[in-house]
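Visitor: One structure follows; several queries about it will come next.
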Amino acid sequence: MSKISFFQSIRIKTSLLFFVVFLIVIVPVNYIIYKKIKKVVAEADVKELQLEAEKLLNQVRLDPRQIPLPKKGYSEKIQLNSEVYFEDIFSSPDFPPLDPSLYFLDTYQQDTLVFVTLKRSLEYSSGTLLLTLCRSDRPLRSTLEELKNYLFFANAVSVLLAGILVFVVTGFSLNPIQKIATSAQRVNASNSIERVPVPIAQDEYRQLAEAINAMLARIEASIKTQTNFFASAAHELKTSLTVMKAELTLVLQQNQNSEVNKILVSNLHEVQRLDHIIHNFLLISQLKTENITLRRRLVELDEVCITALKSVKYLAQERGSSVSLTIEEHSFLIDIDFDMMETVVSNLLENALKYSPHGSVVKVEIVKDPLVKLKVINPLLKPIQSLNRLTEEFYKGEPQSSGLGLGLWICQRLITIVLIRIASLCSQLENFPNHYASILNKAIISVLASIKFA
């Protein structure tokens, strides 16, 4: 199972989606809130200015004349308005010049100054007293700027904290899927397939796990049916081929006609080839399901090689090639399944003969260095282009060559499954099986390095 990039994970996608949705929702909402607060604050500022102006206007006296001065930061202008003229009674030194028409407005703004004008009718004349008070709007703008910065900072922190919280919560939410994926990664096609864990919660994760387990149950039933079919078919075919092989061998021994013997030898070769193919098909089914029964016993490795040499005798004769067997010592006893080991050696020899030039010599050596090593050495028709693909299933170095491209795949699977299983059973050291697996893999690669797929 390929590793998912952090930026492609559901957790980060969910966090980014939340971030986008949060921005789409919260930015307009906060903008509306800001505009509302700005309006309320501006109205409060004007109201405060009006209250100050009203307080000053109530203190103004014309007879005797009494003019109250505004607080620091304020400027005022007091006028007397009659039907025919305007009379300035008092004006602060910094009060700006205004168009006369503006004095009749209750509130207005010019540049950075806010103005309010209040009127009071005189008791003993028809005139009107006008008081215009102004001050800078810088404090108001400063307050609004602080509010804007506060809203921005509060929203940024909220988005960040919410994103982190969503990321953490999503991790907990996706934990059941991680468990399902981890369990599914360990699932192999066998007669007994491990089921994925079913969460306790009654949610979509449980539904997914139950659906996967139902699918695995169907696959398991199909594999059992297929395995039973392969076993039955192989048994029936091997029975017939065994009878044919025995009869051909008997007739070949009794017949003195050389021309007939050539035909009989060819037929016997084809029968043995069919028997080998059927054996491989049955072995493939067992390897796929890891349903291999080991019949271990102490056997001599040279005996295994000799038996394998007999199985490729006719192929060697057909190609005009020969096989030399070199044994460093008199005997090498190994605790292994004889048939499985013979299959590995015969497949290696078959590939070596097929992809060697006609009339060449294939060497088989059994040495101890310090472990027991079996070497198959053969000349090549041409250099190997894809060495790393040699043990792929159904891969053939020459697409037009005979065979199914399974010989070296079977060898590799037998080495990695059967021999490692033996090593793990025999060893009492905790790290020995992995170490032995590494040695076996290196050994099989060194053997396969000079052989192409059949």
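The values are calculated or read from the model by the stated rules, or taken from the named source; none is laboratory data. This one's a predicted model, so the numbers in the text were calculated from it and none came from an experiment. Cβ placement follows ideal geometry from the backbone for every residue including glycine, while neighbour counts extend to all protein chains displayed. Each accessible area value is taken on the protein alone, full model and side chains, heavy atoms only, with ligands, DNA and RNA left out. Shrake-Rupley method; radii C 1.70, N 1.55, O 1.52, S 1.80 Å.
Visitor: For the stretch 298-307, take each phi angle, set θ = phi - 60°, evaluate the Karplus expression 6.51 cos²θ - 1.76 cosθ + 1.60, and give the result in whole Hz per residue in order, putting x for glycine and proline.
Guide: So the J values, rounded to whole Hz, are 6, 10, 8, 5, 5, 5, 4, 5, 5, 4.
Visitor: Which distance in Å, rounded to a whole number, links the C-alpha centroids of the stretch 177-236 and the stretch 66-124?
Guide: Spelled out, the Cα-based centre of one part sits 91 Å from the other.
Visitor: Which sequence of Ser183, Ser324 reflects their accessible areas, 1.4 Å probe, from the largest down?
Guide: Accessible-area ranking of Ser183, Ser324, largest first: Ser324, Ser183.
Visitor: Taking the solvent-accessible surface of protein heavy atoms with a 1.4 Å probe, what is the per residue accessible area of the stretch 91-245 in Å²?
Guide: 63
Visitor: Subtracting the Cα-Cα distance from 0.36 nm times the residue separation, let me have the gained length for Tyr150 to Ser322 in nm, one decimal.
Guide: 52.9 nm
Visitor: Which of the pairs Lys47/Lys148; Lys47/Lys71; Lys224/Lys310 have their Cα atoms more than 28 Å apart in this structure?
Guide: Those over the limit are Lys224/Lys310.
Visitor: How much length, in nm to one decimal, is gained on full extension between Ser9 and Leu208, taken as 0.36 nm per residue of separation minus their Cα-Cα distance?
Guide: 69.8 nm
Visitor: With every protein chain left in place and a probe of 1.4 Å, what is the accessible surface of Asp63, to the nearest 10 Å²?
Guide: 140
Visitor: Give the Cα extents of the stretch 1-107 along the principal axes, in whole Å, largest first.
Guide: Largest first, the stretch 1-107 extends 98, 26, 21 Å along its Cα principal axes.
Visitor: With a ≥ b ≥ c taken as the square roots of the eigenvalues of the C-alpha gyration tensor of the stretch 172-252, please select rounded if a/c is under 1.5 and otherwise prolate if a/b is larger than b/c or oblate if it is not?
Guide: Here the stretch 172-252 falls in the prolate category.
Visitor: Still on this structure, please answer the following. Please list Phe104, Phe153 from largest to smallest accessible area, probe radius 1.4 Å, with all protein chains kept in place.
Guide: Highest to lowest solvent-accessible surface, that is Phe153, Phe104.
Visitor: Given a Förster distance of 51 angstrom, what is the FRET efficiency for Glu270 paired with Ala201, based on the Cβ-Cβ distance and rounded to 0.05?
Guide: Calculated value: 0.25.
Visitor: Continuing with the same structure: Is the stretch 155-312 rounded, prolate or oblate when judged by the Cα gyration tensor, a ≥ b ≥ c being the square roots of its eigenvalues, rounded requiring a/c under 1.5 and prolate requiring a/b larger than b/c?
Guide: Prolate.
Visitor: Another one. Of Leu381, Leu252, which has the most accessible area with a 1.4 Å probe, and how do the rest follow in descending order?
Guide: Leu381, Leu252
Visitor: May I ask for the net charge around Met341, where only other residues with Cβ less than 13 Å from the Cβ of Met341 are counted and Lys, Arg are +1 while Asp, Glu are -1?
Guide: Taking every Cβ under 13 Å from that of Met341, the sum is -4.
Visitor: Sticking with this one: Tally up the carbon and sulfur contribution to the accessible surface of the stretch 17-149 as a whole percent, 1.4 Å probe, everything protein left in place.
Guide: The C+S portion of the solvent-accessible surface of the stretch 17-149 is 59 percent.
Visitor: Here's a follow-up. Could you pull the accessible area for Val166 with a 1.4 Å probe, rounded to 10 Å²?
Guide: 30
Visitor: Would you mind classifying the stretch 225-327 by shape? Square roots of the alpha carbon gyration tensor eigenvalues, ordered a ≥ b ≥ c; an a/c under 1.5 is rounded, otherwise it is prolate if a/b is larger than b/c and oblate if not.
Guide: Oblate.
Visitor: Leaving ligands, DNA and RNA out of it, work out the accessible area of Phe332 with a 1.4 Å probe and give it in Å² to the nearest 10.
Guide: Accessible area of Phe332: about 10 Å².
Visitor: Separate question: Residue separation times 0.36 nm, minus the C-alpha to C-alpha distance between Ile263 and Lys179: what's the value?
Guide: 24.1 nm
Visitor: Pop a pseudo-label 7 angstrom from the Cα along the beta-carbon direction at both Arg296 and Ala246 and give the gap in nm to one decimal.
Guide: 3.3
Visitor: Something else: Tell me, what ³J(HN,Hα) does each residue in the stretch 202-217 have, in order and in whole Hz, if you take phi through Karplus 6.51 cos²θ - 1.76 cosθ + 1.60 with θ = phi - 60° and put x for Gly and Pro?
Guide: Once rounded to whole Hz, the list reads 8, 9, 5, 5, 5, 4, 5, 4, 5, 5, 5, 5, 5, 5, 5, 5.
Visitor: Take the alpha carbon atoms of the stretch 68-219, find their radius of gyration, then divide it by 2.2 N^0.38 Å using N residues; give the quotient.
Guide: 2.57
Visitor: On to the next question. For labels at Glu54 and Val372 in the simple 7 Å Cα→Cβ model, what's the distance in nm?
Guide: Once both label points are built, they end up 11.2 nm from each other.
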